[in-house]
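Derivation of every value follows stated rules applied to the coordinates shown; laboratory data play no part. From a predicted model like this one, the values you see are computed outputs, not experimental measurements. We place every Cβ from the backbone using ideal geometry, glycine too, and count neighbours over all the protein chains shown.
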Amino acid sequence: MEYYISTVLVYLAVYALGAWALNLQFGLGGIVNFAFIVFEAVGAYVAGVMSLGSSGASLGITYIWGAKLPFPLPLLAGAVAGGLVALVIGPATMRKMRRDYQAAAMLVVAIILNQVVTNAKGIFNGAEGLAGVPSPLSQYFSASTYPWLYVIWGLFLMLIVYLFLQRLGRSPFGRTLRAIRDDEAAAVALGKNPWATRMTVFVIGGVIGGLAGGLLMEYIGAWGTSAWGYQETFVLVVAVVFGGIGNQRGALIGAALVGVILLQLTLFLPPVGYPGLINSLQWVVIGAAWLVVLWFRPDGILPERAFLGLSRKGRLDFRRGASGSAGEMDQRGEKAVSVG
Amino acid sequence: MSLLVSGIGFGIISGAILSMSSIGFTLQFGMTNVLNLAYGTVMTIAALITYVVNISGYSIFVAAFIGVVFAMIATLAVGWGVLQPFAHKGLPLFAMAMVSVGVSLIGDYLVASITHSEIYQFQFPAGQTYRFSGLTFTTTDLVIIAISIISVAAIELALHRTRLGVAIRATSASASLARACGIPTRKVVNATWLISGLFCGLGGVTLAMSYQSVTYTMGTAYLPYILAVVIVAGIGSVGYAALISLVLSVVIQVAGVFGASSYNVVIALAVLLAMLLIRPKGLFGELFEKTEVAI
């Protein structure tokens, strides 16, 4: 039972990191990234191979870049790998196109990469994936205390990322970001570079995504292609939208509700029906939750309309603007007109 | 050489299926301007109904007919029941595509929970084998190809020669202008849902007949191919969708027989991605600039 609780807490850290990174890219950067799960996957794989030891050793699995680096280098390598992947697929997301096409393109990227890793067994052992990845420093602690230390480690990383993102959001860079998202032409007129700014956000999101994946990998020790299907991104998107776009605490609550309660705690429910039924029904619930969110907060999945104001403490603060009609708010100027 | 020929043969069969599937998608997309990602789910439902009717003792043709009818009903249900209310709330295009993702998740996993996430094998025989100068087809293959040729020719003729077809094209191009000209756009939209459902059903049922099996991911896994065709051809261009389906399928299958079979989907998606990045409006599209949701 204790192991279950610590596992759920580690998952909370992973989902929260993912939700924050997506919130940064989607909420502040206005980038539709439905390939986000790829960053977590890369982080997990790289952290895995960097702690498994040289390729082909034992275990009967094949992978590249095998190494046995000391803690915390594998995790950092995972984070860096997430950032590098963001650097590679970022330019594709920067192109101006219909946002529904952009979303479809990112989904397609996620599916392609998943298929490639599944089929090319030599990279990360295909569909079966990596297994038996050792948890860092676990040999120095007893099996009962270690999970709790890992929870503390996860919460510590959460705290660091949280503070970093809070600072980033309030910094001049954060303001530039919002300015570009809300009115790109005006920001360009003021000499801001939208491409570089968006790319920076995208890569930071990639690094955090890689970190989240690595953190999960080093705890559960296994990672295969079924763990990062394209639909996993929707868990995070629902979490972010549920909690409120652009709001980190909201994203945390969303991650806790959607990721932890819906996806992880249900694993410990008493079996209902045949094995696997709950697993399927979870996704039905997520789909339904998604529709409910879209129905009641249609502006939630669009970039917020922020305005500059003074908070009670006199600091500059960004709040959600008056809830304008959803149709007016799209940055690409897509207007919705109902006909018929 | 024989490898090449057999690759072309496989390509023709899968092109026949893909062209029906993508025509349904492109009709719907051209009319409503909503990227309906729940389309694959409806294909799965049609195939599953066909399977259930078939194993309860009816012939595959009766079963396929009922499956297609269910696809039309399911398409209307998605259109009227979900997409229309959301569109009336004023959601933009992007959000509408996201609504359809929700529908797809719900539909796919309801099917998964009903079917225990298993793969069901069809029991009907594939029939005799016919050979045409190196190409080999079974009776099932020939039936699929015949259905495809007839339905593609029929829709292409109907769109250009009948009143409804002209009304569909007019409404797709500009709903408000069409309405101003006295076209009952609401009825036209509903007719388009039904026709699109028909093609969606034909695609789903023939896909299952060709795979000889059904599983809950079948339709959604097939969606990337449809998206590739529709986006490359350009939204709403029915004839070109059929042509590109055939070309893409032949390329994929020929590559497949030469050893790249596990990368089928990767080839299709790479084509799609390249198209999106280089020329997002497609080769022959005319409706790309439309920005309104019309349901």
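Treating only the Cβ atoms of Lys and Arg (+1) and Asp and Glu (-1) as charged, compute the dipole magnitude of chain B about its Cα centre; round to the nearest 20 debye.
660
Can you sort A:W153, A:W148 so the residue with the fewest Cβ neighbours within 10 Å comes first? It would help to have the intermediate numbers written out before the result.
Numbers: A:W153 20, A:W148 15.
So the ranking, lowest neighbour count to highest, is A:W148, A:W153.
Sorted from largest to smallest, which semi-axis lengths in Å does the alpha carbon gyration tensor of segment A:120-260 give for its equivalent ellipsoid, taking the root of 5 times each eigenvalue?
Values: eigenvalues 229, 74, 46 Å².
The answer is 34, 19, 15 Å, longest axis first.
Using a 10 Å cut-off around each Cβ, can you sort B:T26, A:T93 from fewest to most neighbouring Cβ atoms?
On the way: B:T26 29, A:T93 22.
So the ranking, lowest neighbour count to highest, is A:T93, B:T26.
Would you kindly give the portion of the calculated P(r) for segment B:1-79 that falls above 21 Å, as a percent of all Cα pairs?
So the pairs more than 21 Å apart make up 43 percent of the total in segment B:1-79.
What's the center-to-center distance, using Cα atoms, between segment B:203-228 and segment A:26-47 in Å?
28
How big is the Kirkwood radius of segment B:58-206, worked out from every pair of different alpha carbons and given in Å to one decimal?
On the way: mean 1/r = 0.0547 Å⁻¹.
Radius from the Kirkwood sum: 18.3 Å.
May I ask you to derive the FRET efficiency for A:N193 and B:T136 from their Cβ-Cβ distance with R0 = 56 Å, giving the value to the nearest 0.05? Intermediate results must be reported in sequence, preceding the final value.
Values: r = 59 Å, r/R0 = 1.05.
Efficiency at R0 = 56 Å is approximately 0.45.
Using a 10 Å cut-off on Cβ to Cβ distances, tally the other chain neighbours for every residue of B:108-114 and report the average as a whole number.
Details: counts 5, 10, 5, 2, 7, 11, 2.
Other-chain Cβ atoms within 10 Å of each residue's Cβ, averaged: 6.
Per residue, how big is the convex hull of chain A when only Cα atoms are used? Give it in Å³. Spell out each step's value before the answer.
Details: hull volume 55.4 nm³, N = 340.
Hull volume over Cα atoms, normalised by residue count, gives 163 Å³.
Rounded, prolate or oblate: pick one for segment B:103-157, where a ≥ b ≥ c are the square roots of the eigenvalues of its C-alpha gyration tensor, a/c under 1.5 means rounded, and failing that, prolate if a/b is larger than b/c, else oblate. Present the calculation step by step, with values, prior to reporting the outcome.
Numbers: a/c = 3.84, a/b = 1.57, b/c = 2.45.
It is oblate, given that a/c is not under 1.5 and a/b is not larger than b/c.
Roughly how many nanometres apart are two label points built 7 Å out from the Cα toward the Cβ at B:A270 and A:L163?
If labels sit at B:A270 and A:L163, their model points lie 4.7 nm apart.
For the protein assembly as shown, what is the convex hull volume of the alpha-carbon atoms per residue, in Å³? Before the final figure, lay out the partial values.
Details: hull volume 104.9 nm³, N = 635.
Each residue corresponds to 165 Å³ of Cα convex hull volume.
Sum up the lysine pairs in the protein assembly as shown that clear both bars: alpha-carbon distance under 19 Å and a spacing of 8 or more or different chains.
For the protein assembly as shown, qualifying lysine pairs total 9.
Work out the FRET efficiency for A:Y140 and B:Q128 from their Cβ-Cβ distance, taking R0 = 51 Å, and round it to the nearest 0.05. List each step's numbers first, then the result.
On the way: r = 70 Å, r/R0 = 1.37.
Between A:Y140 and B:Q128 the formula returns 0.15.
Other chains near A:279-285: what is the mean number of their Cβ atoms within 10 Å of each residue's Cβ? Show your work: numbers first, answer last.
Working: counts 4, 11, 4, 2, 7, 9, 3.
Average per residue, whole number: 6.
Sorted by packing (mean other beta-carbon atoms within 10 Å per residue), highest first, where do B:15-22, A:29-36 land? Numbers along the way, then the final one.
Working: B:15-22: 28.5, A:29-36: 25.8.
Ranked from most to least packed, the peptides come out as B:15-22, A:29-36.
Starting from the Cα of A:A288, step 7 Å along the direction of its Cβ; do the same at A:T62; then give the gap between the two resulting points in nm.
Spacing of the two 7 Å Cα→Cβ label points: 4.5 nm.
Counting alpha carbon pairs within less than 8 Å and at least 6 residues apart, what relative contact order, in whole percent, applies to segment B:2-278?
Values: 432 pairs, mean separation 113.5, N = 277.
So the answer I get is 41 percent.
How high is the relative contact order of chain A, in percent, with contacts defined as C-alpha pairs under 8 Å that are six or more residues apart? List each step's numbers first, then the result.
Details: 546 pairs, mean separation 96.3, N = 340.
Relative contact order here is 28 percent.
Students often get this wrong: which residues of segment A:72-111 have the backbone nitrogen under 14 Å from the point 7 angstrom along Cα-to-C-beta of A:L149?
Correct set: A:72.
Taking beta carbons within 10 Å but only from partner chains, what does the mean come to for residues B:136-142? Present the calculation step by step, with values, prior to reporting the outcome.
Working: counts 0, 0, 0, 0, 0, 0, 0.
For peptide B:136-142, the averaged partner shielding equals 0.
Can you give the translational diffusion coefficient of segment B:181-243 in µm²/s, computed by Stokes-Einstein from the Kirkwood radius over Cα pairs at 37 °C and 0.692 mPa s? Write out the running numbers ahead of the final one.
Details: Rh = 13.6 Å.
Translational D for this selection: 242 µm²/s.
With the Cα gyration tensor of segment A:52-196 giving a ≥ b ≥ c as the square roots of its eigenvalues, does the rule (a/c under 1.5 for rounded; else a/b larger than b/c for prolate; else oblate) give rounded, prolate or oblate? Please list the in-between numbers first.
Details: a/c = 3.04, a/b = 1.50, b/c = 2.03.
Oblate, because a/c is 1.5 or more while a/b does not exceed b/c.
Send over the Kirkwood Rh of chain B, from the inverse of the averaged 1/r over different Cα pairs, rounded to one decimal Å. Could you put the intermediate results ahead of the total?
On the way: mean 1/r = 0.0519 Å⁻¹.
One decimal place: 19.3 Å for the Kirkwood radius.
Work out, in µm²/s and without decimals, the Stokes-Einstein translational diffusion coefficient of segment A:47-99 at 25 °C, 0.890 mPa s, Rh from Kirkwood over C-alpha pairs. Display every interim value, and only then the final one.
Numbers: Rh = 12.9 Å.
For these conditions, the coefficient is 190 µm²/s.
Give me the net charge for the shell around A:L211: Cβ to Cβ below 14 angstrom, other residues only, Lys and Arg +1, Asp and Glu -1.
Details: positive: none; negative: A:E40, A:E218.
Within the 14 Å Cβ shell, the charges total -2.
So, R0 is 35 Å and r is the distance between the beta-carbons of B:A173 and B:A153; what FRET efficiency does that work out to, to 0.05?
Working: r = 23 Å, r/R0 = 0.65.
It comes to 0.95.
Which of these, B:G204, B:G79, B:G40, has the largest mean-square fluctuation under a Gaussian network model of chain B (Cα springs below 10 Å)?
B:G79
Compute the distance from the alpha-carbon center of segment A:104-151 to that of segment A:224-260, in whole Å.
Distance between centres, Cα-based: 19 Å.
For the residues B:F61, B:F70, what sequence is obtained by ranking on other C-beta atoms within 10 Å, fewest first? Spell out each step's value before the answer.
Numbers: B:F61 12, B:F70 24.
Starting with the residue having the fewest Cβ neighbours, the order is B:F61, B:F70.
What does the extension gain come out to for B:I55 and B:L277, with contour length at 0.36 nm per residue minus their alpha carbon separation? Write down the numbers at each step before the final one.
Numbers: separation 222, 0.36 × 222 = 79.92 nm, distance 4.54 nm.
The B:I55-B:L277 span can extend by a further 75.4 nm.
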